[in-house]
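Structure, as structure tokens:
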Amino acid sequence: MSRDEYFFVKKNKDNIKDIQMLADILEAINRGYFHYDQPITLHEIKEIASDRNNSHYRLFFINKRNGDKRQISAPDNRLKEIQNCIRLLLTSVNHRGKSIIDYAKPHVGKDVVYNMDIKDFYPSINATQIIPALLYKGYSYDVALTITSLVTMRSKTGTPVLPQGAPSSPVISEIVLKKLDAKLSKFSRRHNFQYSRYVDDITFSCSRTQKWWYFARTFREIIESEGFFINKKKNRVSFYYQRQEVAGLTVNSQLNVTNKYIKQLRTILHNWEKDGYVLASNKFLMHYYKNMTNAKDFIPKMEHIVAGKLSYLKMVRRNKRIRKSEIPHPFSSLFDDVFDNSSIQPEEDEYTIIKTSDPVWEKLHDRYVALRARDFNIINGHKNDLKLQKRVYRYGDDAGPLVYAVRNDDSEQWRIIKIYINGVWQNGDEEKAYRLRYGY
């Protein structure tokens, strides 16, 4: 995107006067960010927006975990390209979406956690809700109607609704639900309890002395007043003496994954270490496909799945809940003799979430790195260097650095050629490893 195009989009994205300007901005976004081959024109936008037969959508079903079917309405490639441009138009260029971490954080350490779910979320958002939300953002009626026509499809009753499967549906739903979020947030602040929403999942938490059943009933009434309905089968209340989950994360005392998640990771790494890459990969794939709800067209690699699980584990477990008074101040030691704060006791709920290192992740990650280095040639299909014996281990003892050593046969000593330092394999030898372990 050129400088002029960038400032054109930035200046006019919230003040689009007519459909021609909408087409020009979408084309500027197309050239600057997505680089699609076919340009977006006014004629094409009008043609797609006037379609009433869902001819640009492909309908299919996927399996849910409970055995039911979920309908997916996937747009064709061209409409998907236009919807991607609309998605970027309706969000800031530097916009960062909220993750499940942000959704679960407010409910850590609460006595009562109540989970709710909006029934048929995307199909329950229709044009009568989308157009007023876009008008409120400052778009003209013609522009709001055109955008609505490009991001909706016809339901069985003929009503334009958001399709589940379109890239623009999440951002449109967030715009529509701003009013609902404002009402629920206002009610939660008035009664001093926590509330958060992640797409169609709604959670609130409070202390055991508060009337959580009253909050749940009022929440349902507010949600239904906005045209949505609660899936009563997914309502769940959990107390402090039970396992409290929000979006699959436990929130009792710390933000954490389930024990089952960590056990699965350890099992995969144990099988890999004991049986070797080939046999462990076959075992993993058999278990993977047996427990999959929907089979993929490609065969996933075990090491890629493990890497993704480790990244997720790191993202979750590095968030720790501690008292604000326990956070060390960079200059606290200078004033220890002047001020004595030992008699000041923090309030019961005076906690915060900080990012720290996690020993569980570090041990699992070190094992993963060692196994990938050990089986590097097998994973990457290299056979010309298989005779060279390789070994990855910790130098000295469990507190030593991770080293990578090689030798030609059993009669030779191991030669250290690489050392794992600060997350990167660096060239090194035994002398360097000795200094890192013992400090001299």
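The values are calculated or read from the model by the stated rules, or taken from the named source; none is laboratory data. Predicted model only: the values in this text are computed from it and were never measured. Positions of Cβ are generated from backbone atoms using ideal geometry, with glycine treated the same way; all protein chains shown enter the neighbour counts. Remember, those area values only see protein heavy atoms, side chains included, never the ligands or the DNA or RNA. Shrake-Rupley method; radii C 1.70, N 1.55, O 1.52, S 1.80 Å.
Of note:
- For region 123-212, the carbon plus sulfur part of the accessible surface works out to 53%, probe radius 1.4 Å.
- Packing order of peptides 278-285, 141-148, 356-363, highest average first: 141-148, 278-285, 356-363 (average count of other Cβ atoms within 10 Å over each peptide's residues).
- Which label in (i) 23.1; (ii) 30.6; (iii) 19.3 gives the computed mean projected area of the Cα convex hull in nm²: (ii)
- Each residue was assigned an accessible area with a 1.4 Å probe, and for ARG208 the value is about 140 Å².
- Relative contact order for region 68-205: 37 percent, from Cα pairs under 8 Å spaced at least 6 residues apart, divided by residue count.
- Where region 39-94 is the region considered: accessible area per residue in Å², 1.4 Å probe: 61 Å²
- Between the alpha-carbon centres of region 97-114 and region 208-265 there is a gap of 9 Å.
- The amide H of THR258, built 1.01 Å from its N in the peptide plane, has THR250 as neighbours under 5 Å, considering only residues 5 or more places off or on other chains.
- Cα-centre dipole for the chain with unit charges at Cβ (Lys and Arg positive, Asp and Glu negative), debye to 20: 1220 debye
- Check: region 67-157 dipole with +1 on Lys, Arg Cβ and -1 on Asp, Glu Cβ, in debye: 100 debye
- With R₀ fixed at 45 Å, the C-beta to C-beta distance from VAL424 to TYR241 puts the FRET efficiency at about 0.50.
- Spatial separation of Cα centroids for region 1-72 and region 125-157, in angstrom: 13 Å
- FRET E, pair TYR33, TYR434, Förster distance 51 Å, beta-carbon r, rounded to 0.05: 0.50
- Residues SER225 and ASN282, FRET efficiency given R0 of 35 Å [Cβ-Cβ distance, rounded to 0.05]: 0.05
- Residue with peak Gaussian network fluctuation, the chain [Cα springs, cutoff 10 Å], from PHE376, PHE215, PHE228: PHE376
- Contour excess over end-to-end distance, with Cα ends at GLN20 and THR356 and 0.36 nm allotted per residue: 115.9 nm
- Among the trypsin sites (Lys or Arg not before Pro) in region 211-264, those located in a DSSP loop and surrounded by at most 13 other Cβ atoms within 10 Å of their own Cβ are LYS211, ARG243.
- Estimated vicinal HN-Hα couplings, Hz - region 204-219 in sequence order (Karplus 6.51, -1.76, 1.60; Gly, Pro = x): 10, 9, 7, 7, 5, 7, 8, 8, 5, 5, 5, 4, 5, 5, 5, 4
- Inter-site label distance for THR258 and ASP398 at 7 Å from Cα along Cβ, in nm: 2.8 nm
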